[in-house]
Amino acid sequence: MRRLLFSVGLSALLAGHARAQGQAGSEGSLFLLLPTGAQAVGMGQAMVAGKPGSEGIWWNPASIADQDKRELAIHHSKTIAGAGDALTFVLPTSSYGTAALSVNILNLGDQQVTDANNDVIGVIFPRDVVLAGTYAASVTKRLTAGFNYKVVQIRFDCSGECSSVGPEVKSSRAVDVGAQYEVEVGAPLTFGVAIRNLGGKLNSTETNRSDPLPTQVDIGAMYRLKFIDHYLKDTELRAAGSYINSRAFGGKSVRLGTDVTYQGKLHLRAGFVGHDRRGDASAALGLGLQSGGFVFDIARTFGGLPAEGGQAPVYVSLRYLF
């Protein structure tokens, strides 16, 4: 009963703050608060002002506006909630901005259906699914903007005798909007802002009513420290910070991250999440490698909600740029 365990654990962490705010949230929609992408996780989720390629769709849709290569990617995660896989195709154009299509699936584990004799007669497949269409473009030479249109589903599919009943599906729609601003063209400082999960509601089995999705406001900046190259040849250092307000769903959070890059191919990342009531990791480490058009990133988090069996959550991203 992985969904139940995840909901109970996360709801317990949120309960006090939610009561203080006087708001309720659908326990099913809490999966929208889980991070996507190894780059962002490795940098403490301080990614609203970054440009991490396809995973930036889930942090700030404006981040792909200037992307100049097509991209196919899969972003995998293993946490207490289950196994997550986000598949994305990014298509930039020379004159009309950048578009992308994504599907993000959280597999909560199969559950067997038994009869009165305890014989297995079917299998239930609980899954949380997000389908996203993204568009981003440059407004000026220094300002980019973008949005996601998302279809959010909580699904209970079934095979065996229970399949005749058909799937149980709770569905909603939401929008993400975001922008990024460079203080000067090519300057090392970028500001970002994003509002995620706007406008949608899902029916809650706890409250038996439609509750809002967990809307998040994310504001932050990323700075590239140029002087590092004077001491370490072919080395760059990026530092990022962001402030997130998740309304009653975890409250306010400060996030910090760094990315050290050598020759544009090797990345070492570290990040920290502070003052977060959602139970997210308090620290993270990440590694990235690039060879030609292939990019591999991996990150692990420490503290907060563990993975199944008590192991630290692991995030892996595979990207192909062409």
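Summary of values
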item: Restricting the stretch 251-286 to residues that are small (Gly, Ala, Ser) and modelled with pLDDT under 90, the residue that is farthest from residue 232 (Cα to Cα); result: 251
item: Selection from the stretch 305-322 of residues that are at pLDDT 95 or above and part of a loop (DSSP other than H, G, I, E, B); result: 322
item: Residue among 252, 226, 233 that alone is of a type outside the set (A, V, I, L, M) and touching a residue at least 24 places away in the same chain (Cβ under 8 Å); result: 226
item: Pair list, Cβ under 6 Å, 6 or more apart: the stretch 89-108 residue touching a residue at least 60 places away in the same chain (Cβ under 8 Å), other residue of a type outside the set (A, V, I, L, M, F, W, C) and surrounded by 14 or more Cβ atoms within 10 Å (Cβ to Cβ); result: 106/82; 106/84; 106/128; 108/2; 108/3; 108/82; 108/126
item: Residue match in the stretch 171-178 (condition: over 29 Å from residue 77 (Cβ atoms) and free of Cβ contacts under 8 Å to residues at least 60 places away in the same chain); result: no
item: Identity of the residue in the stretch 287-297, closer than 12 Å to residue 266 by Cα and touching a residue at least 24 places away in the same chain (Cβ under 8 Å), that ends up surrounded by the fewest Cβ atoms within 10 Å (Cβ to Cβ); result: 291
item: Spans of strands (runs of 3 or more DSSP E) in the stretch 151-233 with at least 1 residues touching a strand residue (DSSP E or B) at 6+ places or on another chain (Cβ under 9 Å) and modelled with pLDDT under 85; result: 168-182, 201-203, 210-212, 216-225
item: Lone unmet requirement of (1) closer than 29 Å to residue 210 by Cβ; (2) modelled with pLDDT of 90 or more for residue 91; result: (1)
item: Sole residue being of a type in the set (A, V, I, L, M), out of contact with any Phe, Trp or Tyr (no Cβ under 6 Å at 6 or more places or on another chain), modelled with pLDDT of 95 or more and not in a strand (DSSP E or B), chosen from 62, 73, 100, 86; result: 62
item: Those residues of the stretch 32-51 which are under 13 Å from the mean Cα position of the chain (by Cα) and among the small types (Gly, Ala, Ser), in sequence order; result: 37, 38, 40, 42, 44, 46
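Quick grid of which residues meet (1) surrounded by fewer than 18 Cβ atoms within 10 Å (Cβ to Cβ); (2) over 22 Å from the mean Cα position of the chain (by Cα); (3) of a type outside the set (D, E, K, R); (4) farther than 25 Å from residue 170 by Cα:
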| site | (1), (2), (3), (4) |
| --- | --- |
| 53 | no, no, yes, yes |
| 69 | yes, no, no, yes |
| 83 | yes, no, yes, no |
| 96 | yes, yes, yes, yes |
| 102 | no, no, yes, no |
| 111 | yes, yes, yes, no |
| 117 | yes, yes, yes, yes |
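The values are calculated or read from the model by the stated rules, or taken from the named source; none is laboratory data. Computed from a predicted structure; not experimentally measured. In this analysis, Cβ positions are derived from the backbone assuming ideal geometry, glycine residues included, and neighbour counts consider all displayed protein chains.
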